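The values are calculated or read from the model by the stated rules, or taken from the named source; none is laboratory data. Predicted model only: the values in this text are computed from it and were never measured. Cβ atoms come from the backbone with ideal geometry, glycine included; neighbour counts cover every protein chain shown. Only protein heavy atoms, including side chains, enter the accessible area calculation; ligands, DNA and RNA are left aside. Shrake-Rupley method; radii C 1.70, N 1.55, O 1.52, S 1.80 Å.
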Amino acid sequence: MMRSLVIADLDKGQLAAATYHVIEAARQLGAPCDLLVVGEGCADAVTRACAIAGIERVLVADDPVYAASLAENLAPLVVAVSAGYSHLLAAAGSVGKDLMPRVAARLGVNQLSEVIGVESSSRFRRPIYAGNAIATVESDDPVKVLTVRQTAFAAVEPRGGDAERVELEQVIEAPSTRLLGEQRAESERPELTSARVVVSGGRGLGSREGFELVYQLADRLEAAVGASRAAVDAGFVANDLQVGQTGKVVAPELYIALGVSGAIQHLAGMKDSKVVVAINKDPDAPIFQVADYGLVADLFEAVPELIEQI
Amino acid sequence: MKVLVPVKRVIDYNVRVRVKSDHSDVDLANVKMAINPFCEIAVEAAVRLREDGKASEVVAVSVGPKVVQEQLRTALAMGADRAIWIETPETPETAGLGPLGIAQLLAALVREEQPGLVLLGKQSIDGDNNQTGQMLAGLLDYPQGTFVSGLELGDEEVEVVREIDGGLQTLALRLPAVVTTDLRLNTPRFIRAPDIMKARRKPIAHTAPEQLGVNPAPGPRTLAVHPPEPRAGGRRVESVGELVEHLRQAQVI
Ligand SMILES: Cc1cc2nc3c(=O)[nH]c(=O)nc-3n(C[C@H](O)[C@H](O)[C@H](O)COP(=O)(O)OP(=O)(O)OC[C@H]3O[C@@H](n4cnc5c(N)ncnc54)[C@H](O)[C@@H]3O)c2cc1C
Ligand SMILES: Nc1ncnc2c1ncn2[C@@H]1O[C@H](COP(=O)(O)O)[C@@H](O)[C@H]1O
């Protein structure tokens, strides 16, 4: 019997957008699907989870122990509830990437990362080599443990469901790991991985002050802000804005790259965007090869003009 | 305290890969190979710990065929004290191994070597798995600090700063622990000619799965490899005005 369990992605106690995309991947498996909501103070997320069309049961583990989403606490919990499931799925974000391999190892099975296509219950597609190749892979394991690239799947209907709520009694706390602190970026802007428009800046912005131009254009377009690794390394912006092979993967309707050269590692994180715009003063910059509209110009002249015209 | 650093031989990150015309794999014939960039950062971090007197010995390990000795030599040239080669007849992937099998081999080695800290790269840039460290920690039931950009090693604990989706997270892990490196942990040193000479005299021990008493689990099977959907890019606009016009037409602004 096939049955899927999706581990919900939470953002400040709320159900993150990624969750709805992962459920779509689970739906494509064609099996009944349950959702595990684990965190602290997630009553609101549970209410929303129960309303998602197609979810049969919502397993709830609400405890301060789970506040920081540490794999050492979450993995034994997921393993404990995994009996009876043929597929375990989570978003390929920092929590899922941290957790799912540990879960798989505890179960003695393989794990498949960043799944972008479901071909059957045992056959999946996933990018390798920074997205320069797509592998079709098959797993014989009794339980398939997957992380799912959210941008590759549509979101399921958030309403219309009436799932049964199941409280998990056991609380697992690993004494080996202590949370010392978190530095969470506060931003009023849309969330990078689910935004409709993303404006990204690279080393070409020159400085933290120069990067203000990216924010100005983003605000004009109600866009999320992204960055290249070079811009993050240079301290223009925080690490959570990095787009690419080792950063976040985005696929917005519109991606505007300013002063980004277009290294393969950066392209890996944005080349599934619908429309790509590049502004760069180097006519040979590789970003132009993937841009639908490329403008060879000094961004410090072009961007203020662009802000004025839209 | 001993630090164990697993390193992987991968295609150089500057090489643009091509898929073979029979779609069986990517073409690795005659391409430049290198130590995985994240592993290089792990070696650098381990060597700095020893230089700062916080670690006593740095041991590099790689799973693969004979050629992985090149990457072990790189680790030795960077300052690792000795190396261990776990031999498989072909590349792990061709030999049917995935991160689980690799982690099982590494777990057996950890039980033999008893390091206080295992430092891995967060991800190999060929398979983009991002799994081996977490699996190793799971198999050993060790605490794990993944995607780390800051590392402070004490006697009983290691403090790590992790790069997470919402920002940064700082954890204290009781030793022994597994840590995986992110790009901003450090900038690996430049290897000089004398370092390469010195590395030649350092020992590389040989072992194999049977010797470690491990029959590693087979990885997922790769049925086909295809190039990604091509993007129809490359169009130029002459002015900001023209750009805005196009974006309005495409109804994206
Ligand atoms: C293992 C590994 C993983 C990596 N992962 C990532 C990743 O996830 N994401 C990522 O982005 N990178 C990643 N990188 C780094 C990547 O290889 C590139 O180094 C990086 O993307 C370059 O950033 P950039 O385009 O901002 O800088 P550069 O390559 O320096 O490009 C700056 C561009 O700005 C242009 N410019 C300068 N001034 C102006 C101006 N006034 N007006 C207009 N244009 C201007 C220049 O012409 C140039 O094209 C990774 C590298 C490695 C080795
Ligand atoms: N064949 C290997 N030999 C030694 N270490 C490896 C090997 N494969 C993976 N690793 C380690 O595991 C890390 C993550 O790899 P992966 O899980 O494949 O993305 C790498 O950066 C290495 O530190």
- Test: A:V237 is open to solvent by less than 30 Å² (accessible area, probe 1.4 Å) and in a helix (DSSP H, G or I): no
- Does the range B:3-20 include one or more residues that are aromatic (F, W, Y) and in a helix (DSSP H, G or I)? no
- Query: Of the residues B:V26, B:V3, B:V43, which is away from ligand 1 (no atom under 14 Å from the Cβ) and within 13 Å of another protein chain (Cβ to nearest Cβ)?
  - Reply: B:V26
- Message: When you check B:L151 against the structure, is it assigned to a strand (DSSP E or B), at the interface with chain A (Cβ under 8 Å from one of its Cβ atoms) and open to solvent by 20 Å² or more (accessible area, probe 1.4 Å), yes or no?
- Response: no
- Would the range B:83-99 turn up any residue that is over 28 Å from A:P127 (Cα atoms), away from chain A (no Cβ under 14 Å) and within 16 Å of ligand 1 (Cβ to nearest atom)? no
- Message: Can you tell me which residue is least open to solvent (accessible area, probe 1.4 Å) among those in the range B:159-180 that are facing chain A (nearest Cβ under 7 Å) and out of contact with any strand residue (DSSP E or B) (no Cβ under 6 Å at 6 or more places or on another chain)?
- Response: B:I164
- Query: Got at least one residue in the range A:251-258 being within 16 Å of ligand 2 (Cβ to nearest atom) and open to solvent by 20 Å² or more (accessible area, probe 1.4 Å)?
  - Reply: no
- In the range B:184-192, is there at least one residue being in contact with a strand residue (DSSP E or B) (Cβ under 7 Å, 6 or more places away or on another chain) and within 11 Å of another protein chain (Cβ to nearest Cβ)? yes
- Task: Residues being part of a loop (DSSP other than H, G, I, E, B), closer than 27 Å to B:Q169 by Cα and within 26 Å of the chain's Cα centre (by Cα): count how many of those fall in the range A:138-171.
- Result: 1
- Task: Would you please list the contacts, defined by Cβ atoms under 7 Å and residues six or more apart or on different chains, that run from a residue in the range A:1-24 that is part of a loop (DSSP other than H, G, I, E, B) to a residue that is among the polar types (S, T, N, Q) and surrounded by fewer than 24 Cβ atoms within 10 Å (Cβ to Cβ)?
- Result: A:M2/A:S86; A:M2/A:S121; A:R3/A:S86
- Within the range B:165-180, identify whether any single residue is within 16 Å of ligand 1 (Cβ to nearest atom) and closer than 26 Å to B:L109 by Cβ, and answer yes or no. yes
- Item | Pairs, first more than 7 Å from chain A (Cβ to nearest Cβ) in the range B:223-236, second surrounded by 12 or more Cβ atoms within 10 Å (Cβ to Cβ) and in a loop (DSSP other than H, G, I, E, B), C-beta under 8 Å, six or more apart | B:A232/A:D292
- Task: Read through the list (1) within 14 Å of chain A (Cβ to nearest Cβ); (2) open to solvent by 40 Å² or more (accessible area, probe 1.4 Å); (3) of a type in the set (A, V, I, L, M, F, W, C), then give the number of the only condition that B:M197 fails.
- Result: (1)
- Given the conditions (1) touching a Lys or Arg at 6+ places or on another chain (Cβ under 6 Å); (2) farther than 19 Å from B:V237 by Cβ; (3) surrounded by fewer than 24 Cβ atoms within 10 Å (Cβ to Cβ), report the number of the one that A:A268 does not fulfil. (1)
- Item | Condition check for A:V137: more than 9 Å from chain B (Cβ to nearest Cβ) and either hydrophobic (A, V, I, L, M, F, W, C) or touching a residue at least 24 places away in the same chain (Cβ under 8 Å) (or both) | no
- Query: A:F236 is checked against (1) touching a His at 6+ places or on another chain (Cβ under 8 Å); (2) away from chain B (no Cβ under 12 Å) and fails just one. What number does that condition carry?
  - Reply: (1)
- Message: Against the definition (more than 22 Å from B:A77 (Cα to Cα) and open to solvent by 30 Å² or more (accessible area, probe 1.4 Å)), how does B:G213 come out, yes or no?
- Response: yes
- Query: Which one of these is of a type outside the set (V, I, T), open to solvent by 20 Å² or more (accessible area, probe 1.4 Å) and touching a residue at least 12 places away in the same chain (Cβ under 8 Å): B:P99, B:P37, B:P92?
  - Reply: B:P37
- Task: For A:A297, state whether it is within 12 Å of ligand 1 (Cβ to nearest atom) and more than 16 Å from B:V240 (Cβ to Cβ).
- Result: no
- Task: Can you give me the number of residues within the range B:27-43 that are within 13 Å of ligand 2 (Cβ to nearest atom) and of a type in the set (D, E, K, R)?
- Result: 1
- Quick one: in the range A:294-309, which of the residues that are facing another protein chain (nearest Cβ under 9 Å) and crowded, with 21+ Cβ neighbours inside 10 Å is farthest from ligand 2 (Cβ to nearest atom)? A:L306
- Message: Looking only at residues that are surrounded by fewer than 24 Cβ atoms within 10 Å (Cβ to Cβ) and near ligand 1 (Cβ under 8 Å from one of its atoms) in the range A:276-293, which one is nearest to the chain's Cα centre (by Cα)?
- Response: A:A285
- Message: When you check A:R229 against the structure, is it near ligand 1 (Cβ under 9 Å from one of its atoms) and more than 20 Å from the chain's Cα centre (by Cα), yes or no?
- Response: no
